[in-house]
Amino acid sequence: MTPVLANPPSCTVSREEWLLDPEVAFLNHGSFGATPRAVLAEQERWRTLMERRPTHFMDRELPPALRAAAARLAAFVGARAEDLVFVENATAGCNAVLRSLSFAPSDEILVTDLLNYGMPLIRYRINDCAIPASAPCACGRGFPLIKKIAGRTTDNFYLANGNVVPGVALTNRVIQVCPGLKKVQVIQNTLSDFHIRYVPGPGFSASDLALLGSKLRVFFPDPLQWTFEEVPEIARERSGKTRFCISHVKRNETNPVPEETRA
């Protein structure tokens, strides 16, 4: 249950806590302020302390004051004080974390989704594998760069003869080369039973399904049971992404024969 204030403050009273122009409807306090009057007054008090004895303040007063503030904030957010530090802004904080990591070729990327209208700072597991770039960006910023997207982490399809078909191969060489299909999802239920769910695109015809079948046979030459289901949409996962390849078969369910990977 959400608590309700008995006497919630009016917009007029709340607005007086800031120096905002009364003629402006300011909606975004996250990017560039604004700072409440009480905070501005406290900032001025600390600046006065610093200006009175700069060396003593920076060397003796500021470090314990920062740790005391960190302890109070840690208690508020449920963290340990020793795990909490202050940074100049969100950009500096993110850059400090990124620079502390060691990237290797084909590491998986966790990144904010940049395609939505809403842009929360959330690190989604997008299943992309990338190769980092060693050269700095020409723009002069020091953030890590990506040289190349090497592939995607997807389910593998395990067959009865021991062969393994990586789902990433279907994404690039099957799904994307069937222009009449808007979306495709390949689901493996058993070693020999596959279910294809597809969303028809503009100008879809039976030949598009025939093309899809021929492309699939390149990777699955053995006789298998294929069923095709036309659907209006393929639902996204809780992560917000659509899974192109889903396998309900585990590696240990295949026959113990030498494994071959088709790529």
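The values are calculated or read from the model by the stated rules, or taken from the named source; none is laboratory data. Keep in mind it's a predicted model, so treat the numbers as computed, not measured. Ideal geometry is used to build each Cβ from the backbone, glycine not excepted, and the neighbour counts take in all protein chains shown.
What do you reckon, is Ala133 surrounded by 13 or more Cβ atoms within 10 Å (Cβ to Cβ), at pLDDT 70 or above and within 30 Å of Trp226 (Cβ to Cβ)?
no
Which ones in the stretch 189-206 are exposed (fewer than 14 other Cβ atoms within 10 Å of the Cβ) and either closer than 11 Å to Pro179 by Cα or touching a helix residue (DSSP H, G or I) at 6+ places or on another chain (Cβ under 6 Å) (or both)?
As a first pass, look at the stretch 189-206 and keep what is exposed (fewer than 14 other Cβ atoms within 10 Å of the Cβ): 190, 201-203, 205-206.
The answer is Gly201, Pro202, Gly203, Ser205.
So that you can scan it fast, the table gives a plain yes or no per residue for (1) under 28 Å from the mean Cα position of the chain (by Cα); (2) more than 28 Å from Ser14 (Cβ to Cβ); (3) not charged (D, E, K, R):
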| site | (1), (2), (3) |
| --- | --- |
| Gly33 | yes, no, yes |
| Thr48 | no, no, yes |
| Pro54 | no, yes, yes |
| Ala69 | no, no, yes |
| Phe86 | yes, no, yes |
| Ala90 | yes, no, yes |
| Cys94 | yes, yes, yes |
| Arg99 | yes, yes, no |
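For the subset of the stretch 214-247 comprising residues that are farther than 22 Å from Phe204 by Cβ and of a type in the set (Phe, Trp, Tyr), which member is surrounded by the most Cβ atoms within 10 Å (Cβ to Cβ)?
That would be Phe220.
Given the conditions (1) at pLDDT 85 or above; (2) more than 30 Å from Pro132 (Cα to Cα); (3) not small (Gly, Ala, Ser), and given that Phe32 satisfies all but one, which numbered condition is not satisfied?
Status for Phe32: all satisfied but (1).
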